[in-house]
1. Give the angle, between 0 and 90 degrees and rounded to the nearest 10, that separates the Cα long axis of helix 159-168 from the longest principal axis of the Cα atoms of the chain.
2. Using modelled amide H (1.01 Å from N, peptide plane; none on Pro or chain starts), what sits under 5 Å from the amide H of Arg116, excluding residues fewer than 5 places away?
3. Quick one: Ser114, Ser49, fewest Cβ neighbours within 10 Å first, how do they rank?
4. Per-residue counts of other Cβ atoms within 10 Å, averaged by peptide: what ranking do you get for 60-68, 5-13, 34-42, highest first?
5. So what is the calculated 222 nm ellipticity per residue for the chain, using -39500 (n - 2.57) for each DSSP H run with n of 4 or more, over all residues, to the nearest 500 deg cm²/dmol?
6. Sort 93-102, 135-144 by packing, meaning the average of other beta carbons within 10 Å per residue, with the highest value first.
7. Specify the residue with the greatest mean-square fluctuation among Leu46, Leu131, Leu16, computed from a Gaussian network of the chain linking alpha-carbon atoms under 10 Å apart.
8. Could you derive backbone 3J(HN,Hα) for segment 169-183 from the dihedral phi with the Karplus parameters 6.51, -1.76 and 1.60 (θ = phi - 60°), listing whole Hz in sequence and x where the residue is Gly or Pro?
Amino acid sequence: MLADSAGLFGWLSGQLLLAAAWLQWFVLLHETGHHTLFTNRSLNILASSAAYLVLIYAVGLSTLVGLTWLSVLISLVIQEIILLSQHTHIPAGNSGGAAVQPVAAIDQEKYTRSLRMPEWAARYLLMNFNLHELHHMFVRIPGYALHKISRRTMNEVDWLQWTLESRRMAGTAFLFSNRDQMGVPL
């Protein structure tokens, strides 16, 4: 029985470590999509394409899925919290059919949100992916360097508060309304 428990504990620990790796993989590939991981645009495109192909070729798709399904699931749960927090439930206005004018990067702060997280998680697990307002405002700075910008952003909210409050709302209200309409300070 002890061997089974130790084996299960080892497997679950490995899945948690893999979940962290998948999360970082997503963040780094996001950087290549914005062409900020490397200064050369072609290197960003090559890195994002090659990363998946090498992984699938080296391990095999069925083996990869069979061994890592739980870690992928955990990673997706964490990604969902971060991705949905970035642009939902923020007053953005409605064009009413008029042409929408581009918004300068530095002025995009009011249309996005950052999550305040423990420093270790923000810098070393997420590589500052939670600093989404700064990501929009300073588009040429790689995400892993955003912590060097000392600026408190207007829509920053505690990650746990955001997670709990957003889960209390009906899905349609959360996705299709904003904090001014609902009175929920997210």
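1. Between the helix axis and the principal axis of the chain, the angle is about 80 degrees.
2. Val157, Asp158, Trp159
3. Ordered by Cβ neighbours within 10 Å, fewest first: Ser49, Ser114.
4. 34-42, 60-68, 5-13
5. The per-residue figure over the chain is -18500 deg cm²/dmol.
6. 135-144, 93-102
7. Taking springs between Cα atoms under 10 Å, the residue moving most is Leu46.
8. Per-residue couplings from phi come out as 8, 5, x, 5, 5, 5, 7, 10, 10, 9, 4, 5, 6, 9, x Hz.
Each value in this text was obtained by applying a stated rule to the coordinates, not by laboratory testing. Keep in mind that what you see is a predicted model, and the values were worked out from it rather than measured. Every residue, glycine as well, gets a Cβ built from its backbone with ideal geometry; the counts of neighbours run over all protein chains shown.
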